């Protein structure tokens, strides 16, 4: 009996203990899901973030700072050295940094590869400076200077490809572009930039390394931006190099298997944005006519790239990205040279095509169509295009709403219906004579009710109620005190008749 009373208390009731643990776990989960309470990071998450900052970002920032300082050292002091001394010391520095990276990679692979890539970048800059940096020039022959740079880039590509190291490739190419911008950027240095872009394109097409071209595309177009702020290079030459760089990145994007689709989409977007902005600034310095023609041609090229991507069975996101960018480019090209009816007609035509694509392939193109029609509204308002132009915009907006293939509760459809109501109000102002705008607004509400009943879409009818409320506020607060007796009679009679007609329709529907 005494032996039984000595049972350890830790055994307890297992069911009660489990219930207590479950309640505590449930309370913890509910606190984590509550939108009003900010979840504090756990110690493990904080340690992971600290390790990420210390190992990934500090290493890259450190090598960027180191190589920048070395490049500035070379530019500042190597000019006073003899030609053979400056070349020997420069390559010796590159060899020391690369050797240190290889030694470090034996125990710390990631950090060692970053340092090794920095050594390759120093070697590239020393070779680049042999001809492209005036104070350090040793090679006066342009073809030989360009050939030496091409050889060094080929060596970097070969080494990184053999090592199968995306880190070495990305660090070396990015730092090569960065150090090149520390010196004077000229037309010849654009050749070196294009060669580096070709190296990044190789890694994307062959190894499908996305981070390398992502960093390279930023550095390449940054070089073009630096050149655009300077002088001495003709706009035609700058535009030609921008076109070549865009073609290199785009070709690499379309070649090879479709992996890391999101990163490829970001790359394609950055490539388009850089070519559009920098190319547009460059060509705008020539003439508006040249800018308009180039933008239209760029839109055609993007559409053709979408077709090529489709034929090559590329990822759907890539195809739709190129096609969407073609629409955006064409829409932006219009205001450069067109105004009034030609511009409105062009935007509405693009909206109709985008609506068809939204219906057949991708509902997101309805957003483009919606924006194009809204832009047409704005153009009508700016140039006072008249009732016919407003009516065309309203009809296309109805087509956008009807052509949207997504569910009826889509926000795009809601915005489209609101835009239809806005267009009808604008149409009433353009078509009705002064003093009878209220009648026009009531008529717009009736049209919305008719559309709502005919298409079985409740949002049109709610838009009609909203227009009626807005009309009542306008009538009582603004127009009624200024009306003549005849205007008051006509307004109230026609408005009352219209409201009775709508009420009759609701009565029949209720029955």
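Quick rundown of the values:
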{"quantity": "Sole exception among (1) outside any helix (DSSP H, G or I); (2) over 22 Å from residue 390 (Cβ atoms) for residue 506, by number", "calculated": "(1)"}
{"quantity": "Long-range neighbours under 6 Å by Cβ, at least six apart or interchain, first residue at negative phi and free of Cβ contacts under 8 Å to residues at least 12 places away in the same chain within the stretch 275-287, second part of a helix (DSSP H, G or I) and surrounded by fewer than 24 Cβ atoms within 10 Å (Cβ to Cβ)", "calculated": "284/291"}
{"quantity": "Candidate set: the stretch 404-439, residues that are under 26 Å from the mean Cα position of the chain (by Cα) and modelled with pLDDT of 80 or more; chosen: the one nearest to residue 382 (Cα to Cα)", "calculated": "419"}
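The values are calculated or read from the model by the stated rules, or taken from the named source; none is laboratory data. As the structure is a computational prediction, the values presented were derived from the model and not from experiment. All Cβ positions, glycine included, derive from the backbone under ideal geometry; neighbour counts span all protein chains shown.
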